[in-house]
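A short worksheet on the structure shown next.
Coordinate-derived values only; no laboratory data. Note that the structure is predicted; figures quoted are calculated from it, not measured. We place every Cβ from the backbone using ideal geometry, glycine too, and count neighbours over all the protein chains shown.
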Amino acid sequence: MESSVAAGPGRIVATLDDGQRVLDETRTRMLDGDVEAAYRDLVRVLFDLRWRLGERSWGTFVEDVAPAHPLFALLGQDPMIRHCRAKPRGYAGDARLLDMIYDGVSAVADEPMSELGRRLFDCGFRAAPSRAVRERAGRLSRAIDACAAGGGTRVLAVACGHLRELEHAISVREGSIERFVALDQDAASLAVVDERYGHLGIETVPRGVRELLRRPAPDERFDLVYAAGLYDYLGASFAHRLTAALFDRLAPGGQLLVANFMPSNPSIGHMDAMMQWPLIYRTPLEMEALIDADDTATVDVCADSVGVVTDLRITRV
Ligand SMILES: C[S@@+](CC[C@H](N)C(=O)[O-])C[C@H]1O[C@@H](n2cnc3c(N)ncnc32)[C@H](O)[C@@H]1O
């Protein structure tokens, strides 16, 4: 399949015809039952095609070529892909989508699904971005527990979605966190949080992060502030200002943790074109640039074990 893009020896630049051929071949293989291998190859080839086409032609491929191809409709049998494209909350990676990534097929038990749809769903569930999102939630749970173990008791989760990291945060279940504030602009997501975790004392706040920029930081300071699955949608200038506003809410010794997908995400082309899930990707260096380092902060950036998500950790000295 690689030969579809690298059509001539040493040829780097691809054309939209190359992209069309990739989609044709993938569809044929999937209809022949070769679903998992064809999916894996498609993801790999689209990663390549994205940079071989260049920004402009890739845009045409994503907006016009891929959606018009019959493979696009075929992949729509996967509830994860279908939900991403439908964007019921106005953007692709909402909290419901993340529940599919966290819980797998049990999250879509109430949806009609063909055999092909189920196999495609499994491919997506096992793919690098899904593993990275689950690993990211694990890091958040551990950060909450570490905060409690260090004597910190006030946590602010920004753009919390369904707050699924609480599933594994032992300190919250043990009642060791004095105040846990979960902020999101989406009232429906917060209703899920109230229902699932309200008994643990979680306070939900229906608010967009833009308001955190407008208001002066309240007197209360937090020992841990974190945002996952938010910065991937924020432009550089807003992300920079928000980072400063979140840092302002840290108590001395407190930590701000911000996660972002990296451009090394091997599914970047597949997410762009087939899921219609564009993100703002950041390198570790770009993450570091989100804060103007001075002697009130120590900054650390690290990548996950999947090579998909990078965390920026800022500690107030
Ligand atoms: C991809 S989900 C991530 C949810 C959760 N943090 C996680 O990692 O599972 C993104 C969440 O960000 C919220 N969100 C997006 N833009 C926001 C904004 N401007 N202000 C507050 N919340 C926002 C959405 O409502 C959604 O719940």
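Between 148, 109, 228, the Gaussian network model of the chain with springs among Cα atoms under 10 angstrom shows the greatest mean-square fluctuation at 109. Listed values for region 155-169 are Karplus-derived 3J(HN,Hα) couplings in whole Hz (6.51 cos²θ - 1.76 cosθ + 1.60, θ = phi - 60°), namely 10, 10, 9, 9, 6, 6, x, 8, 6, 5, 4, 5, 3, 10, 8, and x replaces Gly and Pro.
Using 1/(1 + (r/R0)^6) with R0 = 25 angstrom and r between the beta carbons of residue 89 and residue 283, what's the FRET efficiency to the nearest 0.05? E between residue 89 and residue 283, to the nearest 0.05, is 0.35. For region 164-233, the share of alpha carbon pairs falling in successive 10 Å distance bins from zero is 16, 52, 30, 2 percent. Modelled spin-label separation between residue 300 and residue 188, with each label point placed 7 Å from Cα along the Cα-to-Cβ direction: 3.8 nm.
Taking the number of Cβ atoms within 10 Å of each Cβ as an exposure proxy, the fewest-first ranking of 222, 72 is 72, 222.
If I model region 78-230 as equal point scatterers sitting on the Cα atoms and use the Debye formula, what is log10 I(q)/I(0) at q = 0.09, 0.11, 0.17 Å⁻¹? Listed by q, the Debye log ratios stand at -0.31, -0.46, -1.01. Let me have the 222 nm mean residue ellipticity of the chain computed from DSSP H runs of 4+ only, each contributing -39500 (n - 2.57), with the sum over all residues rounded to the nearest 500. -13500 deg cm²/dmol, from helical runs alone. Shape class of region 13-129 from the alpha-carbon gyration tensor: prolate, with a/c at 1.5 or above and a/b greater than b/c. Note on the chain: Kirkwood hydrodynamic radius from all Cα pairs is 20.8 Å, rounded to one decimal. Shown for 282, 210: other C-beta atoms within 10 Å of each C-beta, ranked fewest to most, produce the order 210, 282.
Given the Cα-Cα distance of residue 248 and residue 173 and 0.36 nm per residue of separation, how much length would full extension add, in nm? Show your work: numbers first, answer last.
Values: separation 75, 0.36 × 75 = 27.00 nm, distance 2.78 nm.
Value of the extension gain: 24.2 nm.
Charge tally for residue 310 (other residues, Cβ to Cβ under 14 Å; Lys, Arg +1; Asp, Glu -1): -3.
Provide 233, 39 in ascending order of the number of other Cβ atoms located within 10 Å of each residue's Cβ, fewest first.
Details: 233 16, 39 24.
Listed from fewest to most nearby Cβ atoms, that is 233, 39.
Could you tell me which of rounded, prolate or oblate describes region 262-317, using a ≥ b ≥ c as the square roots of the eigenvalues of the alpha-carbon gyration tensor, with rounded for a/c under 1.5 and, failing that, prolate when a/b is larger than b/c and oblate otherwise? Here region 262-317 falls in the prolate category.
Averaging the Cα positions of each part gives two centres, and for region 274-288 and region 36-84 these lie 17 Å apart.
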